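Scroll down for the structure; my scribbles are underneath it.
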Amino acid sequence: MTIENPSREEIGEILKSKKRIAVVGLSNNPEKSSYMISQAMQNVGYEIIPVNPTIDEVLGVKAYHSLKEIEGHVDIVNVFRRPEHLPAIAKEAVEIGADVFWAQSGIANEEAYKYLKEHGMTVIMDRCIKVEHAITRAR
């Protein structure tokens with residue numbers, strides 16, 4: 001199976017309509033890409049929900065140990081974890097009824113992709129949410 005991302009236009013629509021993002025693997029280290037990208041998305045109006053069992057808070061927001069602990073609906077699950085962790089995160093994303101599963105640049109896993117598609121979820125892999133936001137906002 002080949003991973004096929006939505007079109008750029010579809011990604012633009014997702015980013016215009018989905019504003020609540022759970023970031024799995026968000027670091028509290030300002031030098032890490034997960035921090036910089038999440039901060040940039042927070043600064044343009046997205047609600048960032050950190051998911052990292054090793055920290056209590058980041059970007060002024062309480063961190064959760066898992067997706068299942070988050071109250072309310074999650075629009076996008078944005079993942080900054082190694083590819084081998086994606087199947088387990090995908091299962092949690094389906095369990096909480098998230099709309100979109102987004103794996104950052106350099107991160108993809110066919111097993112997770114297949115599982116998510118079988119459960120009707122929109123899947124984006126190996127793309128940076130901040131870059132896609134910048135590209136689609138420019139149009």
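Whenever a residue of region 110-130 is on the phi > 0 side of the Ramachandran plot and in contact (Cβ under 8 Å) with a residue 24 or more places away in the chain, its partners that are buried (at least 18 other Cβ atoms within 10 Å of the Cβ) and assigned to a strand (DSSP E or B), lying with C-beta atoms within less than 9 angstrom and at least six residues away or across chains, give the pairs ASP126/ALA103. For the criterion of being open to solvent by less than 50 Å² (accessible area, probe 1.4 Å), closer than 27 Å to THR2 by Cβ, assigned to a loop (DSSP other than H, G, I, E, B) and among the aliphatic types (A, V, I, L, M), ALA90 fails.
With respect to the conditions (1) open to solvent by 40 Å² or more (accessible area, probe 1.4 Å); (2) under 15 Å from VAL123 (Cβ atoms); (3) not hydroxyl-bearing (Ser, Thr, Tyr), VAL79 lacks only one, and its number is (1). For region 26-76, filtered to residues that are in a helix (DSSP H, G or I) and open to solvent by 60 Å² or more (accessible area, probe 1.4 Å), the residue that is nearest to THR136 (Cα to Cα) is ASN43. Only one of the numbered conditions (1) within 21 Å of ASN109 (Cβ to Cβ); (2) within 14 Å of the chain's Cα centre (by Cα); (3) free of Cβ contacts under 8 Å to residues at least 40 places away in the same chain is not met by ILE76, and that is (3). Of the listed requirements (1) surrounded by fewer than 15 Cβ atoms within 10 Å (Cβ to Cβ); (2) free of Cβ contacts under 8 Å to residues at least 40 places away in the same chain; (3) in a loop (DSSP other than H, G, I, E, B); (4) not polar (S, T, N, Q), ILE107 misses just one: (1). Looking for something farther than 20 Å from ALA108 by Cα, in contact (Cβ under 8 Å) with a residue 60 or more places away in the chain and among the charged types (D, E, K, R) - is there at least one such residue anywhere in region 24-31? No, because not a single residue in region 24-31 is farther than 20 Å from ALA108 by Cα, in contact (Cβ under 8 Å) with a residue 60 or more places away in the chain and among the charged types (D, E, K, R).
The values are calculated or read from the model by the stated rules, or taken from the named source; none is laboratory data. Note that the structure is predicted; figures quoted are calculated from it, not measured. With ideal geometry, Cβ positions are generated from the backbone for all residues, glycine too; neighbour counts draw on all protein chains shown. Just the protein is used for accessible areas: all its heavy atoms, side chains included, with ligands, DNA and RNA removed. Shrake-Rupley method; radii C 1.70, N 1.55, O 1.52, S 1.80 Å.
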